Amino acid sequence: MQRGTLVGPVCEVAGLKAPLRHFATRLDLETERHVIDGLGWFEFLRFASPGTGRAFDLQRPLERRDSDSLPTLVRASIADDPQETLRDLFETLVIDHDDVAALADNFADLKPLRRTLWRQDDNGNRAVVATFTGARKAEAALQQYSALMHKQLYWLE
(Lines give C-alpha, C1' and ligand atoms only; values in the text may rest on other atoms or scores of the structure.)
Protein backbone atom coordinates (compact mmCIF):
# COMPACT_ATOMS: atom_id res chain seq x y z
CA MET A 1 0.00 0.00 0.00
CA GLN A 2 1.30 3.42 -0.80
CA ARG A 3 1.00 6.64 1.16
CA GLY A 4 -1.16 9.38 -0.27
CA THR A 5 -1.08 13.14 -0.07
CA LEU A 6 -4.26 15.15 -0.35
CA VAL A 7 -3.85 17.88 -2.97
CA GLY A 8 -6.07 20.90 -3.52
CA PRO A 9 -9.41 21.40 -1.82
CA VAL A 10 -10.42 18.58 0.51
CA CYS A 11 -13.88 17.26 1.38
CA GLU A 12 -15.22 14.94 4.03
CA VAL A 13 -16.40 11.64 2.59
CA ALA A 14 -17.65 9.52 5.48
CA GLY A 15 -17.40 8.45 9.07
CA LEU A 16 -16.40 4.78 9.40
CA LYS A 17 -17.56 2.54 12.26
CA ALA A 18 -14.23 0.77 12.79
CA PRO A 19 -11.44 2.51 14.70
CA LEU A 20 -8.52 3.98 12.79
CA ARG A 21 -6.09 1.33 14.14
CA HIS A 22 -8.19 -1.36 12.40
CA PHE A 23 -7.46 0.20 9.00
CA ALA A 24 -3.80 0.84 9.85
CA THR A 25 -3.41 -2.89 10.55
CA ARG A 26 -5.36 -3.90 7.43
CA LEU A 27 -3.27 -1.60 5.19
CA ASP A 28 -0.01 -2.40 7.04
CA LEU A 29 0.75 1.31 7.49
CA GLU A 30 1.85 3.35 10.49
CA THR A 31 -0.30 6.23 11.73
CA GLU A 32 0.97 9.77 12.30
CA ARG A 33 0.11 12.19 15.10
CA HIS A 34 -0.20 15.93 14.67
CA VAL A 35 -1.67 18.89 16.53
CA ILE A 36 -4.53 20.69 14.82
CA ASP A 37 -4.61 24.27 16.08
CA GLY A 38 -7.46 24.82 18.49
CA LEU A 39 -8.50 21.14 18.44
CA GLY A 40 -5.55 19.29 19.96
CA TRP A 41 -3.82 16.05 19.03
CA PHE A 42 -5.15 13.92 16.17
CA GLU A 43 -4.07 10.58 14.75
CA PHE A 44 -3.92 10.30 10.95
CA LEU A 45 -3.57 7.52 8.42
CA ARG A 46 -2.77 8.64 4.88
CA PHE A 47 -2.95 6.18 2.01
CA ALA A 48 -3.61 5.99 -1.71
CA SER A 49 -5.67 3.55 -3.72
CA PRO A 50 -3.40 1.09 -5.52
CA GLY A 51 -5.77 1.10 -8.50
CA THR A 52 -6.25 4.82 -9.08
CA GLY A 53 -3.68 6.56 -6.89
CA ARG A 54 -6.50 8.59 -5.28
CA ALA A 55 -5.36 9.78 -1.85
CA PHE A 56 -7.39 9.42 1.33
CA ASP A 57 -6.89 10.58 4.88
CA LEU A 58 -8.37 8.91 7.96
CA GLN A 59 -8.32 10.80 11.24
CA ARG A 60 -9.52 10.72 14.81
CA PRO A 61 -8.98 12.90 17.90
CA LEU A 62 -6.62 11.56 20.56
CA GLU A 63 -7.41 13.74 23.57
CA ARG A 64 -11.13 13.05 23.89
CA ARG A 65 -12.24 10.36 26.33
CA ASP A 66 -14.84 9.08 23.87
CA SER A 67 -12.49 9.11 20.85
CA ASP A 68 -12.67 5.31 20.44
CA SER A 69 -16.46 5.49 20.09
CA LEU A 70 -16.33 8.30 17.50
CA PRO A 71 -16.45 7.40 13.80
CA THR A 72 -13.15 7.47 11.93
CA LEU A 73 -13.36 10.51 9.64
CA VAL A 74 -12.43 9.99 5.96
CA ARG A 75 -11.32 12.88 3.78
CA ALA A 76 -10.30 13.03 0.12
CA SER A 77 -9.43 15.64 -2.47
CA ILE A 78 -12.55 17.04 -4.09
CA ALA A 79 -13.14 14.94 -7.20
CA ASP A 80 -15.26 15.30 -10.30
CA ASP A 81 -17.14 12.10 -9.56
CA PRO A 82 -18.20 11.40 -5.95
CA GLN A 83 -19.42 7.91 -6.97
CA GLU A 84 -15.91 6.96 -8.12
CA THR A 85 -14.37 8.38 -4.94
CA LEU A 86 -16.70 6.36 -2.74
CA ARG A 87 -16.22 3.18 -4.78
CA ASP A 88 -12.45 3.66 -4.65
CA LEU A 89 -12.59 4.05 -0.86
CA PHE A 90 -14.72 0.92 -0.44
CA GLU A 91 -12.47 -1.19 -2.67
CA THR A 92 -9.22 0.02 -1.10
CA LEU A 93 -10.39 -0.61 2.48
CA VAL A 94 -12.44 -3.75 1.59
CA ILE A 95 -15.58 -2.26 3.16
CA ASP A 96 -19.14 -1.43 2.12
CA HIS A 97 -22.08 0.65 3.37
CA ASP A 98 -22.51 -1.60 6.42
CA ASP A 99 -19.11 -0.36 7.65
CA VAL A 100 -20.05 3.32 7.34
CA ALA A 101 -21.53 5.27 10.26
CA ALA A 102 -22.46 8.26 8.06
CA LEU A 103 -21.76 9.65 4.61
CA ALA A 104 -21.04 13.33 3.98
CA ASP A 105 -23.81 15.30 2.26
CA ASN A 106 -22.46 15.09 -1.29
CA PHE A 107 -22.04 11.29 -0.94
CA ALA A 108 -25.25 10.43 0.95
CA ASP A 109 -27.54 10.10 -2.09
CA LEU A 110 -25.25 7.84 -4.13
CA LYS A 111 -26.68 4.45 -5.05
CA PRO A 112 -23.88 1.88 -5.30
CA LEU A 113 -24.15 -1.32 -7.28
CA ARG A 114 -25.22 -4.23 -5.07
CA ARG A 115 -23.62 -7.66 -5.23
CA THR A 116 -25.49 -10.65 -3.89
CA LEU A 117 -23.76 -13.75 -2.56
CA TRP A 118 -25.79 -16.87 -3.38
CA ARG A 119 -25.57 -20.46 -2.20
CA GLN A 120 -26.85 -23.62 -3.89
CA ASP A 121 -26.89 -26.84 -1.90
CA ASP A 122 -26.48 -30.38 -3.25
CA ASN A 123 -30.28 -30.65 -3.68
CA GLY A 124 -30.37 -27.62 -6.00
CA ASN A 125 -31.94 -25.27 -3.43
CA ARG A 126 -30.75 -21.69 -3.82
CA ALA A 127 -30.61 -19.03 -1.10
CA VAL A 128 -29.22 -15.54 -0.65
CA VAL A 129 -26.34 -15.53 1.85
CA ALA A 130 -25.61 -11.77 1.95
CA THR A 131 -25.74 -8.56 -0.07
CA PHE A 132 -22.78 -6.17 -0.39
CA THR A 133 -22.15 -2.70 -1.81
CA GLY A 134 -18.40 -3.19 -2.08
CA ALA A 135 -16.99 -5.54 -4.72
CA ARG A 136 -13.84 -6.51 -2.80
CA LYS A 137 -15.80 -7.18 0.38
CA ALA A 138 -18.20 -9.38 -1.61
CA GLU A 139 -15.30 -11.25 -3.21
CA ALA A 140 -13.66 -11.76 0.20
CA ALA A 141 -16.91 -13.25 1.55
CA LEU A 142 -17.18 -15.51 -1.52
CA GLN A 143 -13.63 -16.80 -0.96
CA GLN A 144 -14.32 -17.35 2.73
CA TYR A 145 -17.46 -19.41 2.08
CA SER A 146 -15.91 -21.32 -0.82
CA ALA A 147 -12.94 -22.28 1.36
CA LEU A 148 -15.28 -24.09 3.77
CA MET A 149 -15.29 -27.02 1.32
CA HIS A 150 -18.95 -27.88 1.90
CA LYS A 151 -21.07 -29.41 -0.81
CA GLN A 152 -22.64 -26.02 -1.48
CA LEU A 153 -21.82 -23.89 -4.50
CA TYR A 154 -21.32 -20.14 -3.92
CA TRP A 155 -21.34 -17.31 -6.47
CA LEU A 156 -21.85 -13.56 -6.79
CA GLU A 157 -24.45 -11.78 -8.91
Loop-located trypsin sites (Lys or Arg not before Pro) in the range 47-128 whose Cβ has at most 14 other Cβ within 10 Å (DSSP)
R64, R65, R114
Label-point separation (nm) for Q144 and T131, each offset 7 Å from Cα along Cα-to-Cβ?
1.9 nm
Rolling a 1.4 angstrom probe over the protein heavy atoms, how many square angstrom per residue are accessible across the range 32-93?
52 Å²
Global geometry of the range 1-53, whether rounded, prolate or oblate, following the gyration tensor of its Cα atoms and the 1.5 cut on a/c
oblate
Tell me, what % of the accessible area of the chain is carbon and sulfur with a 1.4 angstrom probe?
48 percent
Largest fluctuation, E12, E30, E91 only, Gaussian network model of the chain with Cα springs under 10 angstrom, belongs to E30
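The values are calculated or read from the model by the stated rules, or taken from the named source; none is laboratory data. Here the structure is a predicted model, which means the values were calculated and not measured. For neighbour counting, all protein chains shown are included, and Cβ atoms are generated from backbone atoms with ideal geometry for every residue, glycine included. For accessibility, only protein heavy atoms count, side chains too; no ligands or nucleic acids. Shrake-Rupley method; radii C 1.70, N 1.55, O 1.52, S 1.80 Å.
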